[in-house]
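Each remark here refers to the structure printed beneath this line.
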Amino acid sequence: MALIVDFAVQGAQMLIVLLTAPLLTGLVRKMKARMLRRVGPPVLQPYLDLARLMRKEVVLAESASWLFRVIPYFIFAATWVAASLVPTFRTGLLFSWSADLIAIIALLGSARFALALAGLDVGTSFGGIGSSREVMIASLAEPAMIMIIFTLALVVGSTQLSTMAGFMESPAVGLRVSLGLALVALVMVAIAENARIPVDNPATHLELTMVHEAMVLEYSGRHLALIELSAALKLLLYLSLIACLFVPWGLAGPGAGFGALAVGTLSYLGKLLIGAFLLALFETSIAKMRVFRVPEFLGAALMLGLLGTLLLFVSRSL
Amino acid sequence: MAALTPTAIVLACAALLLVLAIVAVMVGRTSAGTAIVYGTSLLLTLIALAAGLVQLLGTDAPADTIVLPLGLPWVGARFRMDALSAFFVVVVDLGAAAASLFAIGYGAHERAPLRVLPFYPAFLAGMNLVVLADDAFSFLVAWEFMSLSSWALVMAHHHVPENVRAGYVYLVMASFGTLALLLTFGLLAGPAGGYAFADIRAMHPSPALAALVLCLAMLGAGSKAGLVPLHVWLPLAHPAAPSHVSALMSGVMTKVAVYGFARIVLDLAGEPAWWWSVLVLSIAAITCVMGVLYALMQHDLKRLLAYHTVENIGIIFIALGLALAFKAYGMAWAAALALTAGLLHVLNHSLFKSLLFFGAGSVLTATGERDMEHLGGLIHRMPQTAFAFLIGCAAISALPPLNGFVSEWLIFQAILLSPQLPSWGLKFLVPAVGALLALSATLAAACFVKAFGVTFLGRARSTAASAAVETDRLSLTAMLSLAALCLIAGILPGLFIDALATAVQGLAGGRMPVQTGVEWLSIVPIAQSRSSYNGLLVFLFMMISGALAASAIHRLASDRLRRAPAWDCGYPDASPATQYSASSFAQPIRRVFGSMVFRAREQVEMPPPGDLRPARLAVVLHDPVWEMLYLPVATGVSRAAERLNHLQFLTIRQFLSIVFAALVVLLLVLALWP
C-alpha cells in the first residue's frame, strides 16, 4: 500500500512539474508586462504556443543530421527527470535516492551539452555564437553550483535533496553566514542557467546579444516546442530547488497524510507565485549586461560559493 | 612455474608477445603480416585479460611469486600479481585488446609496417611486465623497455619534422623519469640492496627518506603520467604515433605510470605523512585545470585529446592525494572511497580515451586530416564513428548516465568527507581543489562540445572531409564495444566498485561498503541518507520519458517534416567558412581564462583603405610552462655546451695538465673525506 502511495506521489510530482512549468513562464511574462505597463499575453499563452508548435510541421535545415532531431527529446528527457527528482510538495519521493543534487545538476549539464551540440549541427554562424557563449557561461556557472552544493552538503552532511530539505526545515539549521552566501550564489547561478536578464534575454532576437535563443534558432515545430518546454521546466526546477532548500516550510514529509500533501501543494504553488514575482521584479529593474561582463558576475557567484565552503571547513557552525 | 596460475599465464602472454615482436620482423613485409601480428596480439591480450580478471575477482586466490633466474643474481627477476597488479593488468590488456582489434583494420593503411609491427607487441609486453614486476630491477627494466618501444612507435612516421622533435623531447623526458625512478628505488632498497618489493616493504624508511622517495616518485612516475609541469612531451609524442598506439600511450601507458606511483607511494614507502597529500593535491589540481585549458586552445584533434589525458591524470592524482590524506590520519574507510574513485577513473579514462583516439584515427584515415579547422560534417559521412565518438565525448565530459560521471561523483563525495581532517593546510586546500576539479569538468565539457561539434557536425570545411567514407568493420567493432563498456560502467558502477575492493583493501587498509546487495543496483558510498546514485534508473527514466514524449507527440500532434535551407536569421551563407571554427568556438573561454594563463592576445591587422590585402586576425598564445621552465633550462644547457666546446681544441699538453689536475682534485677529496 505504502509503495502504491509512493508511486502515486512520484507520478503526481512528474505531472505537476510538467503541467505547471509553462504556467510559471506565463506568469513571469505577464508580471513583467504589467510592471512595464503593458497588457501582456494571457497567462496561459505558453500552453497555446506549445500546442500550436506541436501541431506544426518541422522545417529541418538541409545540413541537419540525425543528432539534431534526437537532441530535443534528449534535452526534454534529461530536464524532466531532473525536475521530477527535486522535492516540490513532498520530500522522500520514491526515486529521490536515484540521483543526489550533484547528479541532478550533472543531468542538466548533459542537457546543455546536447543543446550546445545542436547549435553547431546545422553549421550556421549564429548557432556557433550561441554554443560557444553558452559553454563559456556554463564553465563558470557549473563550478559555482558545485561549490554551492558543497556548502549545503557540509551543513547538512548529505547531498541527498530529501535529507537536505528535512534538515533545513528542522531547527538544527539556525542562521548561518555560509547559507546566506550560498543563497545569493544560487540565485545568481539560477539566473545565468535559465538565460534570464541580466545574463541573457529570453525575449531577444537581436543577433549580438543572444545566447540561448541563438542555439535554438534552427529549431521549429515539435522540436522547438520540446526545447521551450524544457526551458520552462528548468526554470521551475531552479525555483523549486531554491524553495525546497531555503524556504522548505510547508513541505510534506515522507508518509504524510492527505491533509499534509494538500498543504504542501498549496504552499508550493504559493512559493512559485512569489518566486515568479521576485524574478519579474528583478528582471524589470536591471539592464542586460555585455556578454563579457558575465564572467565577472558568475565569478562572483563562484567566489561566494567557495567562501561559503571555506567557512564551513574552518568551523562547522558558521 | 609448475602450476598454471594467473600470474604465470600473464607472464607467458608477455613472453609470447616478445616472441611475436621477433616474428613480426619476418612477416612484416608480407601482405598478411598486419593481420597476423595484430590478430595474435589480440588473442594474447585477451588471454592475459581473462587471467587478470580471474585474479582480481577470485578473492581467495593467493598471489604467487614467480622467480626467474634473470636480473640481479641475489634477487632474480620476480613477478607477482596481487590485486592491484591484477587490476592494472585488466586495464592494460583491455586497452591493448581493443587497440589490436582496431589496428587489424586501421593498420592496413600503414605505409611502413615494419616501423610499427615489431615494436607494437614489444610495447604491450613491456606494459604488462611493469605491472607484474615484483622487484625494483625488473620493474625498471620493463619500464625502460616500455618507454623505448613506445619511443620507436612515436618515431614510426619519422619523415615529419615535428615527429622527430616529439621523439627527441620524449626521449629526454623518459630518461629523466627513469633516472628519478632509479634513485627512488635506490633509496627504498637501502644499503643492503634488498631490491625485491617484499624486502622494501619490510624496511620502513625514515620520514626524511620517505619524503625524498615521494618527491622522486612524483618526478619519475609523474613525468610518464603527464603531471604539469612534466607533461610537455605528452601532447607532442602521443599524437605523433599511429592512432592505435596513441590510444595505448594515452589511455594505458599513463595508467601504468599511475600504477608506478600508487605502488611506490601507497605500498612501498610506508606510512604517509599528512603533507604528502598537500604536495600531490596541489600539483594534481593545477594539472587538471592547465590540461583542459591547453586542450581548449588546440585545433589539432589528436593533440587536443592528448592534452585531455593530462587533465584526467590530474583528476586521478586528486583522488590519490585525497587517499593519502585520509590514510595519513588513519581514516581507512574514507581513503578507500577516494582510492576507489581514483582507480575507477583509471579504468574509465582508459576506456573513453582509447575510444576517442580510435575515432580520431578513423577520421585521420578517412580524410587525412587531424586539423579540426579542415573537418566538419563527418556525422553524415561516418555515422557510426560519429556515434561512438559522441559517446566517448559525453563520457569524458562526466555526463550522467555514462561512466566518467561516476568516478568524478565519487571524488566529490570524498572531498565532502575532508572537513573531518584535522590539518589546517588541508582544510584550506581541499575546497579549492574541489572548485578546480569542478571547473575542469565543465571546461572539459566545453572542450568536447568543440571537438565533436567542429569535427563531426556542421558542414564540411574541405573536400577531403566531404568525401570521407565510413571506416572498416573491425575498427568500428572496437569503438562500439568500448562505447558499450562506457555505458555499462556508467549504469552498473556497483559491480566495478566491488571488483576493486581487494586492490583498495591492500593499499588503503579499508574498503567501501559492498555495493552489489544494494537495492535497485544503486551505489551508496557511505550511507543511503547521505548520498546515493543510480545510473541504471537515471538511464531508464531518460529513455522512457524521451520515448514517451516522442511517441505521444508523433501520435497526437504531428510527425510531418520538411527539409529546407537553414534559417540563420534570414542570412544563411553558402560558404562553409562562415561556420564557427575551433578557434572561434574557444574565443570566449580564451578571453576569460586564456588572457590570464596563456597571455593570449588577439592582433588585428587592418590594411589601410585602398589596400587590397585581406584583414587578418591573429591569436598569440604563450605556453607558460615551456617558456618559464624548459626554455631557460634548454638555453642554459646550450650555453654551457658552447663554453665547454672550447675544450675540444686544446693542445696535448693542456689536455694532460687537465687530467693531472683532475687526478689531484680527486685524491684531495678522497683524503679529506671524513
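The values are calculated or read from the model by the stated rules, or taken from the named source; none is laboratory data. Computed from a prediction, not measured in an experiment: that's the story for all the values here. Cβ coordinates were reconstructed from backbone atoms using ideal geometry, including for glycine residues, and neighbour counts include every protein chain displayed. Calculation scope for accessible area: heavy atoms of the full protein, side chains included, ligands and nucleic acids excluded. Shrake-Rupley method; radii C 1.70, N 1.55, O 1.52, S 1.80 Å.
For the residues of A:215-225, the average number of beta carbons from a partner chain within 10 Å of their own beta carbon is 3. For chain B, the 222 nm mean residue ellipticity estimated from helices alone, with every DSSP H stretch of n ≥ 4 adding -39500 (n - 2.57) and the total spread over all residues, rounds to -21000 deg cm²/dmol. Amide H contacts for B:ASP135 (H built 1.01 Å from N in the peptide plane; partners 5 or more residues away or on another chain; cut-off under 5 Å): B:ARG78, B:PHE197. With all protein chains in place and ligands, DNA and RNA left out, the 1.4 Å accessible area ranks A:TYR219, B:TYR168, A:TYR47 as B:TYR168, A:TYR47, A:TYR219, largest first.
Can you bin the stretch B:255-412 into rounded, prolate or oblate? Criterion: square roots of the alpha carbon gyration tensor eigenvalues sorted a ≥ b ≥ c, rounded for a/c under 1.5, prolate for a/b above b/c, oblate for the rest. Here the stretch B:255-412 falls in the prolate category.
Principal-axis analysis of the Cα atoms of chain A puts helix A:66-84 at an angle of about 20° to the longest axis. Our note on the geometry: Cα centres of the stretch A:77-155 and the stretch A:34-74, 21 Å apart. In the structure shown, the pairs B:LYS255/B:LYS450; B:LYS224/B:LYS450; B:LYS353/B:LYS427; A:LYS32/A:LYS288; A:LYS32/A:LYS234; A:LYS234/B:LYS353 are assessed against 21 Å; a Cα-Cα span above that value is assigned to B:LYS255/B:LYS450; B:LYS224/B:LYS450; B:LYS353/B:LYS427; A:LYS234/B:LYS353. Electrostatic bookkeeping for A:PRO41 treats Lys and Arg as +1 and Asp and Glu as -1; over the other residues with beta carbon under 12 Å from its beta carbon, the sum is +4. Distance from the C-alpha centroid of the stretch B:476-544 to that of the stretch A:180-243: 33 Å, rounded to the whole angstrom.
Legend: mean number of C-beta atoms from other chains within 10 angstrom of residue C-beta atoms, peptide B:566-577, equals 5.
For A:TRP66, the solvent-accessible surface with a 1.4 Å probe is about 100 Å², rounded to the nearest 10. Take each residue in B:387-396, count the other chain C-beta atoms within 10 Å of its C-beta, and the mean is 1.
Burial annotation for the stretch B:435-454: residues with an accessible-area loss of at least 30 Å² between the isolated chain and the complete set of protein chains, computed on heavy atoms with a 1.4 Å probe, are B:ALA435, B:ALA438, B:LEU439, B:THR442, B:VAL449.
Taking amide H as placed 1.01 Å from N in the peptide plane, the amide H of B:VAL619 sits under 5 Å from that of B:GLN603, each at least 5 places away or on another chain.
Normalised by the number of residues in the stretch B:290-440, the mean separation of alpha-carbon contacts (under 8 Å, six or more apart) gives a relative contact order of 24 percent. Remark: the stretch B:419-433, residue by residue, has Karplus-estimated 3J(HN,Hα) of x, 6, 6, x, 7, 5, x, 5, 4, 7, 6, 4, x, 5, 4 Hz, where x stands for each Gly or Pro and the curve is 6.51 cos²θ - 1.76 cosθ + 1.60 at θ = phi - 60°.
Against the compact-protein benchmark of 2.2 N^0.38 Å, the Cα-based radius of gyration of the stretch B:115-264 scales to 1.06.
Solvent-accessible surface of protein heavy atoms, probed at 1.4 angstrom with all chains present, puts B:ASP559, A:ASP49, B:ASP568 in the order B:ASP559, A:ASP49, B:ASP568, largest first.
On association of chains A and B, roughly 7100 Å² of accessible area becomes buried (total for both chains; probe 1.4 Å).
Peptide packing: for B:629-636, B:89-96, B:316-323, the average count of neighbouring Cβ atoms within 10 Å per residue gives the ranking B:316-323, B:89-96, B:629-636, highest mean first.
Per-residue accessible area (protein heavy atoms, 1.4 Å probe) orders B:THR40, B:THR309 as B:THR40, B:THR309, starting from the largest. Cα gyration tensor of the protein assembly as shown, axes a ≥ b ≥ c as square roots of the eigenvalues: rounded (a/c below 1.5), prolate (a/b > b/c) or oblate? Prolate shape, in that a/c is at least 1.5 and a/b is the bigger ratio.
Compared with the direct C-alpha span, the chain from B:ARG639 to B:LEU179 gains 163.3 nm at full extension, assuming 0.36 nm per residue.
Using a probe radius of 1.4 angstrom, the carbon and sulfur fraction of the accessible surface of the protein assembly as shown is 70%.
Here the contact order of the stretch B:591-672, divided by its residue count and restricted to Cα pairs under 8 Å and six or more residues apart, works out to 19 percent.
Ranked by the mean number of other Cβ atoms within 10 Å of their residues, highest first, the peptides B:105-114, A:32-41 come out as B:105-114, A:32-41. Calculated translational diffusion coefficient of the stretch B:1-159 (25 °C, 0.890 mPa s; Stokes-Einstein with Kirkwood radius over alpha-carbon pairs) equals 155 µm²/s. Give me the percent relative contact order of the stretch B:13-145, please, defined on Cα pairs under 8 angstrom at least 6 residues apart. 37 percent.
Rounded to the nearest 5, what % of DSSP beta bridges with both residues in the protein assembly as shown are antiparallel? Taking every DSSP beta bridge within the protein assembly as shown, about 70 percent pair in antiparallel fashion.
In the context of the full set of protein chains, residues of the stretch B:273-377 present 17 Å² of accessible surface per residue (probe radius 1.4 Å, heavy atoms only). Probing with 1.4 Å while keeping every protein chain in the model, the per residue accessible area of the stretch A:252-296 equals 56 Å².
Each other residue within a Cβ distance under 15 Å of B:LYS255 adds +1 if Lys or Arg and -1 if Asp or Glu, for a net charge of +1.
Ranking B:SER282, B:ALA334, B:ALA295 by Cα position along the charge dipole of the stretch B:255-362, where only Lys, Arg, Asp and Glu carry charges on their C-beta atoms, puts B:ALA295 farthest toward the positive end. Size descriptors for the stretch B:329-398 (Cα atoms only): Rg and Dmax, in that order, 17.2, 56 Å.
Rounded, prolate or oblate: which fits the stretch B:476-635 when a ≥ b ≥ c are the square roots of the eigenvalues of the alpha-carbon gyration tensor, with rounded for a/c under 1.5 and prolate only if a/b beats b/c? Taking the square roots of the gyration eigenvalues as a ≥ b ≥ c, the stretch B:476-635 is oblate.
Put simply, the amide H of B:ASP300, placed in the peptide plane, has neighbours under 5 Å in B:MET372, leaving out anything fewer than 5 places away on its chain.
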